[in-house]
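Below is one structure, written out as structure tokens, with a few remarks after it.
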Amino acid sequence: MAEKTLEEIKADILRRAGRINPFERVKQEDVEQVVKNITSLDRDLWGREWGKFGAKYEALAGEQESHGKKKEAGETYYLAYEYYRIGRYPVPSSPDKMKCYEGALRTFLKAAPTMDPPLERIEIPFEGKKVVGYLQVPIGVNRPPVVMHWGGVDGWKEDRRTNNDVLLKMGLACFTIDMPGTGENPCLGNDPRAERTFSAAMDYLETRADIDGKRIACMGGSFGGYWAAKLAHVESKRLSGAVNWGAGVHRTFQEEWLRPALTVTASQYLMGPASLLDARSYIFRANSLEETLKTAPSLSLVTQGLIDQPCAPLLCINGKEDDQHPISDLYLLAEHGSPKDLRIIAGAGHMGRIKGQSNDEVVNIVTKWLQEKLS
């Protein structure tokens, strides 16, 4: 399977509209309008067309706010955020996409006070910079444990609502953060000790009186699962549990797997292999496929000497047919170091998704495992 055509991508967007990431919370009629206007895969065109709807709803929310309709305005700001989020997708690698990312941050924070429970933006001093995260604490629960979680190369801390909603209902607090190389994380993905940004967040969470910072678990989705697996080894004593949901830890970074994935085989990715390359190279700020292939191997947990070390309870879960991260890396984790919990979803692709089906069952497995480890 090689590159997807523009028509194939448009058909996939329409199929996902109102149902599947990253289009699950936008309006079908708006999506149809944007799809008509997308005449190429030019990054700025993509950013501009989605950004128009972000700006439209942002202006509407401003009007609602000026009439004292706070709750309504919050919901409309959130809708504006969703269009800006798609506009910067998968990464803000052009000026118009960057404008969308700025719009996404702005409207998300305007929606934050009306979220249920309200969302608090946290800034943690870090080596002259800052680690930024969002904390939500379930109402009426006394000092709940906390799940620190993040997405992958394209799903950033603002985009974690689906998982947050499930975890909050279970009485767990949520702290969302960007993985290295994405969003507001101060480290790039190729910084050999970038996981210290998560450790800094854990230090902060331990100081909060309204949560139990001694009971922390973490979950990384997609590429973010790699950082959860790494943190499970680095913070083995402090973490109650960690979930690697959809990522490799060694072979996934080697040229024999990565070159075909980023040029031919990663057809499950929304806009095909070229778009995945755009996202993967962005986390390293690499300018080419060759540069990305040269940088990636340093991330291997085998190369870093961590794979045989003790680790916190670790759940490794993914679809058996994932074309972005090889399933063999989960078996590799199971063969080394502390015993791991392994769940392979047969007949499923990246993140355990089966085309045309809801991913609720996998979400359920992951969140129940976290709840158990934190109880």
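The values are calculated or read from the model by the stated rules, or taken from the named source; none is laboratory data. Nothing here was measured: the structure is a model prediction, and the numbers come from that model. No Cβ is skipped: glycine too gets one built from the backbone with ideal geometry, and neighbour counts run over all protein chains shown. Only protein heavy atoms, including side chains, enter the accessible area calculation; ligands, DNA and RNA are left aside. Shrake-Rupley method; radii C 1.70, N 1.55, O 1.52, S 1.80 Å.
For residue 113, the test of being out of contact with any Cys (no Cβ under 7 Å at 6 or more places or on another chain), open to solvent by 30 Å² or more (accessible area, probe 1.4 Å) and in a loop (DSSP other than H, G, I, E, B) is failed. For the subset of region 247-274 comprising residues that are among the small types (Gly, Ala, Ser) and modelled with pLDDT of 85 or more, which member is farthest from the chain's Cα centre (by Cα)? The residue in question is 261. Candidates 95, 90: the one that is in contact (Cβ under 8 Å) with a residue 40 or more places away in the chain and surrounded by fewer than 13 Cβ atoms within 10 Å (Cβ to Cβ) is 95.
Of the set (1) open to solvent by less than 20 Å² (accessible area, probe 1.4 Å); (2) closer than 26 Å to residue 275 by Cβ; (3) in contact with a Lys or Arg (Cβ under 8 Å, 6 or more places away or on another chain), all apply to residue 79 but (1). Between 164, 142, the distinction of being open to solvent by less than 40 Å² (accessible area, probe 1.4 Å) and either free of Cβ contacts under 8 Å to residues at least 40 places away in the same chain or among the aromatic types (Phe, Trp, Tyr) (or both) belongs to 164 only. The residue that is most open to solvent (accessible area, probe 1.4 Å), counting only those in region 1-16 that are hydrophobic (A, V, I, L, M, F, W, C) and touching a residue at least 24 places away in the same chain (Cβ under 8 Å), is 1.
Looking across region 273-294 at every residue that is among the hydroxyl-bearing types (Ser, Thr, Tyr) and open to solvent by 10 Å² or more (accessible area, probe 1.4 Å), the one that is farthest from residue 87 (Cα to Cα) is identified as 288.
Only one entry in 314, 270 is surrounded by fewer than 21 Cβ atoms within 10 Å (Cβ to Cβ) and within 30 Å of residue 170 (Cβ to Cβ), namely 270.
Yes or no: residue 209 surrounded by fewer than 18 Cβ atoms within 10 Å (Cβ to Cβ) and out of contact with any helix residue (DSSP H, G or I) (no Cβ under 8 Å at 6 or more places or on another chain)? The answer is yes for residue 209. Counting only residues that are part of a helix (DSSP H, G or I) and in contact with a Ser or Thr (Cβ under 8 Å, 6 or more places away or on another chain), which one in region 6-45 is farthest from residue 78 (Cα to Cα)? Only one residue fits best here, namely 6. Within the set 19, 48, the sole residue that is open to solvent by 70 Å² or more (accessible area, probe 1.4 Å) and modelled with pLDDT under 95 turns out to be 19. How about region 289-375: which helices (runs of 4 or more DSSP H) wholly inside it have at least 3 residues that are touching a residue at least 60 places away in the same chain (Cβ under 8 Å)? Qualifying helices (runs of 4 or more DSSP H): 328-334, 360-374.
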